[in-house]
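The values are calculated or read from the model by the stated rules, or taken from the named source; none is laboratory data. Everything numeric here is computed off the predicted structure, so don't read it as measured data. Glycine also receives a Cβ, built like all others from the backbone with ideal geometry; neighbour counts cover every protein chain displayed.
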C-alpha cells in the first residue's frame, strides 16, 4: 500500500477539480449555444422545425445522462472515430444541457404576456424586431435564475463522466480511494469540493431571483 | 374615398362564426363608437382591422392598403396606417415611457434619434405627461399608462386609431383623463374607431354609433337617433339594461 498524506490527496483532487470545472464550462457554453439556436428555431412558425426541436428535446430529456455518455463514447467508436473520454463527455453533456436549456428558455419566452406581442405587432414591428427589442429582453430577465440554477445540475452531472474514464473529480477520488483503502475520507473530500463549487452558484441564483422580483 | 373599407367580412373561431358578414365604410375624420353585448363580435371586428385576427372571407383595406394575411410586407405597410390602443395598455415594461414611444418610429420608419425624441416629447405633452419621459410604466397610474399607450400609437402617425375598450381596466376616477385625450383627438380630426361601454362618451363624441349583435351590424346611425329612438328590440333591450 502506498502512503498518501492528506496534502497528496487534496492536491490530486484539486488538480482533478480543474477538469470538473472545465467540463462544466464546456457543457454550459456548448449547451447554451445549441440550446439558444434550438429555442429560436422553435419560435419560428415552421411546423417541421418545431417537430424536430421537440423530438430532440424529448429524446435527450428522456434518456439518462449516464446512458447518453455511454452512447457518445462507444457509439462514436463504432463509426471508427476514436474519441478521447473528454470529447465524448463534452458531446454528451452538451446534448443534455442544450435540451434542458432549450426547454427552460422556451418557457421563459412563453411567459412574456401575449399583449406584448399584440402591441408590438400593432406597431408594425417585424417578427425579428419583436423578438429582439420586446420579447427577448423580458424573457432574459425571467430566464436568469432558472438558468443559473440549472448550472448546478450540470456541475454535478459531470461526475457521471467518470464512468467513461474521464479523470475528473469523482474518477480521481475513486482511484485514490482504491489505493488508500480509505474511501470515506476521500469521498468526503470529493463531496466537499463539489459543494464548494455548487453552493456559491446556488446562492447567486437565489440572489438573482430576489433582485429580479424586487425590480419590475 | 373611405379610409376604412370592409366588405363581406366573415370570421370564425373554429366552428363558431363570430362575424357574419360585416360591411362598413369609414370616412376620414369620422368618429365611430361600436357598442354591444360581450360576445357580439365588436372587439373581434376591431382586431381584424389591423390584422391581429385573421378572417376567412371578405375584404378589408385601410387608407388604400389592402389587408393580406401571411404577407409580412403588406401587413407592415398596413399597420403603419392603423394605431391600436388596448384595454390592458400593453406598455413595454422594460423600456422607459420615452423609449416605448420611440421604439417603432425608429425601427419601422427609420426616424432619426433627434426627430424621434422631439416627437415623443411633443406627444407626451399632448397627453399631459410631459414630465414622465424617463419613467417606467409601473411607476404610473393606469390612466397615465393608457395615455402613454395612446401617445405610442400616435407616434406612428396613423390614419386611423382603434381603441379597444380602453377605459375598461381603469378605476372609475381615472376614466375621465383618458377620455379627455380621446375627445381632443376626435376634435382634431383623427379618424377613430372605438369599442366602448362609455355610452355618455359615445353619445357626446361619436359621429356614428354601431350596435353589434350576434356578429352583425344590427343597427347603425347618428348617436341621437340610436340612443333616443332605437329601432330594434335588441338595441332597446341593450340600452334598457344599462339604466341610462
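Okay, here's what the table says:
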| quantity | calculated |
| --- | --- |
| Residues (out of contact with any helix residue (DSSP H, G or I) (no Cβ under 6 Å at 6 or more places or on another chain) and either exposed (fewer than 14 other Cβ atoms within 10 Å of the Cβ) or not in a loop (DSSP other than H, G, I, E, B) (or both)) located in the stretch A:51-68 | A:51, A:52, A:54, A:55, A:56, A:58, A:59, A:62, A:64, A:67 |
| Residue in the stretch A:124-146 that is touching a helix residue (DSSP H, G or I) at 6+ places or on another chain (Cβ under 7 Å), touching a residue at least 24 places away in the same chain (Cβ under 8 Å) and away from every other protein chain (no Cβ under 14 Å) present | yes |
| Qualifying positions in the stretch B:164-194 - away from every other protein chain (no Cβ under 12 Å), under 24 Å from residue B:64 (Cβ atoms) and in contact (Cβ under 8 Å) with a residue 24 or more places away in the chain | B:185, B:186, B:189, B:190, B:191, B:192, B:193, B:194 |
| Filtered residue count, the stretch B:124-161, keeping only those that are within 14 Å of another protein chain (Cβ to nearest Cβ), assigned to a loop (DSSP other than H, G, I, E, B) and under 17 Å from the mean Cα position of the chain (by Cα) | 5 |
| Which listed residue is within 19 Å of residue B:86 (Cβ to Cβ) and surrounded by 13 or more Cβ atoms within 10 Å (Cβ to Cβ), from B:234, B:165, B:219 | B:165 |
| Number of the condition not met by residue B:198 [criteria: (1) touching a strand residue (DSSP E or B) at 6+ places or on another chain (Cβ under 8 Å); (2) buried (at least 18 other Cβ atoms within 10 Å of the Cβ)] | (1) |
| From B:190, B:199, residue being in contact with a helix residue (DSSP H, G or I) (Cβ under 8 Å, 6 or more places away or on another chain) and either at pLDDT 95 or above or under 22 Å from residue B:88 (Cα atoms) (or both) | B:199 |
| So residue B:106, is it modelled with pLDDT of 95 or more, in a helix (DSSP H, G or I) and more than 14 Å from chain A (Cβ to nearest Cβ) | no |
| Residue identified as within 20 Å of residue B:161 (Cβ to Cβ) and either over 17 Å from the mean Cα position of the chain (by Cα) or more than 9 Å from chain A (Cβ to nearest Cβ) (or both) among B:95, B:60, B:78 | B:60 |
| Residue B:38 being within 21 Å of residue B:2 (Cβ to Cβ) and either crowded, with 23+ Cβ neighbours inside 10 Å or away from chain A (no Cβ under 14 Å) (or both) | no |
